[in-house]
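First comes the structure, then the notes that go with it.
The values are calculated or read from the model by the stated rules, or taken from the named source; none is laboratory data. What you are looking at is a predicted structure, and each value in this text was computed from that prediction instead of being measured. Here the Cβ is made from the backbone with ideal geometry for all residues, glycine too, and neighbour counts use every protein chain on show.
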């Protein structure tokens, strides 16, 4: 018989972030796209109304009993703030359309958007307020910002952004100036609306994307400038990219947790970051689409066995967004498995299970 | 690895035999692309290395080889496309690497499955490389192949992109003929497949 859970989701999360063992491993099902299915709406209809998103998140948490509400809508919401277009599809996240920066000179004409004037951002803030009113201090609400260093992939396209990085240092500096200010204001607006913590998505900083030696002068410097000015706790997520080659610098960026992917061993990650940063991850969201109940249980048990001991670990996916195609049965199996294998003290043979 | 296009172009200009530029492409450029691809696979090089390296190699190759490379290593009808996604970097990298190695290929750009089928029909494409970033787009490969089958078209489809890296069996499930995880993978596959197509 399973032991009763003795903590609220917020207590469980805060305990593990303090590198101690709560009653069980916290589970963050980052299923921002799945609320539309719960309500029988298309993503476009769903994200148009903050009340729908709030209801969707509340229903999902009641269903799976995971440990957070996710006020993140979709990454391209920030493109709307800069005047860009968002393209909706029926079975996945909305995409950013044509880049707002068509030429490098355009960067010098950019001005920091005013948060309160952007309808898309206001919808996120309203949903955050509604979630906070419902959930109180029972569970954390996780808001999201794109890092100033990674946002340009959507502002100008990946190819042009790489050229900017390597060949146009002055325009790059200017873009970072406006992006840093926007990121801080956007994060703090979400915290003021009721978000408990901010997930700082920074995939471009990963050595998977840029040369490791480039990080110090770019993503690291920008995170050091940005994160201390965000008035609440942050988690940094490199969206499946590798983190170990820049582990030392990541721990110096004033972030509390780190989203990790499947390409690095959780044992190595745990040994590297233990007592310094909590880990968030690393279930493979793409493989998850094909999991059955047994596959879900095996993956959950393995992740907990590798990274659960001593706390400092939140079970989640590897990317910060569970694909739309992942079934309800699979998410239920993950939720059941974390209750099966994630109770502290962990069983010594959890991996064999 | 230093990303220095100016130095790379200077070295290439000094080393190439103007009467036999394809030898330089085969003996220098292709091994360079192989080295970068292998480094990407091992986690030594980043996506930025791969992109900038491919771009510099393509520029050098373009400056050496004739616009329509009749002396290139293939006469197959090869094309590359992005399916539905708005993320074009992967296609650009593979296209650059193949062009740098002397292959002539058509770039269909970003297409829906229906438009991609039209392009294939118009051009008599025999080898089609499809690049995707998002999972829904990866799943659209199956839709494209179903449309192609309805039309009775037989072609070889090679897929690549993040969803296929994260789920190593996904390329089989969507019905592709092969998967490439790097530009060099794509180069090897196209070499093998175009050789088969010619024989």
| When you go through A:245, A:207 one by one, which is the residue that is within 14 Å of chain B (Cβ to nearest Cβ), out of contact with any strand residue (DSSP E or B) (no Cβ under 6 Å at 6 or more places or on another chain) and in a loop (DSSP other than H, G, I, E, B)? | A:207
| query | Where in region A:112-170 are there helices (runs of 4 or more DSSP H), lying fully within it, with 1 or more residues that are within 14 Å of another protein chain (Cβ to nearest Cβ) and touching a residue at least 60 places away in the same chain (Cβ under 8 Å)? | reply | A:152-156, A:158-167
| said: Condition first: within 11 Å of the chain's Cα centre (by Cα), within 12 Å of chain A (Cβ to nearest Cβ) and within 22 Å of residue B:188 (Cβ to Cβ). Can you find one or more residues in region B:94-103 that meet it? | reply: yes
| Condition met for residue A:239 (free of Cβ contacts under 8 Å to residues at least 60 places away in the same chain and on the phi > 0 side of the Ramachandran plot) | no
| Wholly enclosed helices (runs of 4 or more DSSP H) of region B:81-199 bearing at least 2 residues within 27 Å of residue B:40 (Cα to Cα) | B:89-100, B:135-150, B:162-166, B:170-173, B:183-198
| In region A:75-92, residue farthest from the other protein chains (Cβ to nearest Cβ) [restricted to those that are farther than 24 Å from residue A:111 by Cβ and touching a residue at least 24 places away in the same chain (Cβ under 8 Å)] | A:88
| task | Specify the residue that is nearest to the other protein chains (Cβ to nearest Cβ); the eligible residues are those in region A:171-201 that are in a loop (DSSP other than H, G, I, E, B) and touching a helix residue (DSSP H, G or I) at 6+ places or on another chain (Cβ under 6 Å). | result | A:195
| remark: Flagged in region A:17-44 as in a helix (DSSP H, G or I) and out of contact with any helix residue (DSSP H, G or I) (no Cβ under 7 Å at 6 or more places or on another chain), in numbering order, are A:17, A:37, A:44
| field | Only listed residue being closer than 30 Å to residue A:285 by Cα, surrounded by 20 or more Cβ atoms within 10 Å (Cβ to Cβ) and in contact with a helix residue (DSSP H, G or I) (Cβ under 8 Å, 6 or more places away or on another chain), chosen from A:77, A:101 | value | A:77
| task | Would you confirm whether any residue within region B:113-130 is under 28 Å from residue A:99 (Cβ atoms), modelled with pLDDT under 85 and not assigned by TED's automatic domain parsing to the domain that holds residue B:12? | result | no
| query | For region B:1-56, how many residues are closer than 30 Å to residue A:238 by Cβ and touching a residue at least 40 places away in the same chain (Cβ under 8 Å)? | reply | 22
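A quick yes/no check of all residues on (1) crowded, with 21+ Cβ neighbours inside 10 Å; (2) away from chain B (no Cβ under 14 Å); (3) over 17 Å from residue A:240 (Cα atoms):
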residue	(1), (2), (3)
A:296	yes, yes, yes
A:303	yes, yes, no
A:317	yes, no, no
A:323	yes, no, no
A:326	yes, no, yes
A:329	no, yes, yes
A:339	no, yes, yes
A:346	no, yes, yes
| said: Any residue at all in region A:93-107 that's assigned to a loop (DSSP other than H, G, I, E, B), touching a residue at least 60 places away in the same chain (Cβ under 8 Å) and within 14 Å of another protein chain (Cβ to nearest Cβ)? | reply: yes
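Per-residue answers, yes or no, for (1) within 14 Å of chain A (Cβ to nearest Cβ); (2) touching a helix residue (DSSP H, G or I) at 6+ places or on another chain (Cβ under 6 Å):
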{"site": "B:162", "(1), (2)": "yes, no"}
{"site": "B:169", "(1), (2)": "yes, no"}
{"site": "B:174", "(1), (2)": "yes, yes"}
{"site": "B:179", "(1), (2)": "yes, yes"}
{"site": "B:186", "(1), (2)": "no, yes"}
| remark: Among helices (runs of 4 or more DSSP H) completely within region A:273-353, the ones holding 2 or more residues that are modelled with pLDDT of 95 or more and within 19 Å of residue A:68 (Cα to Cα) are A:293-307, A:328-341
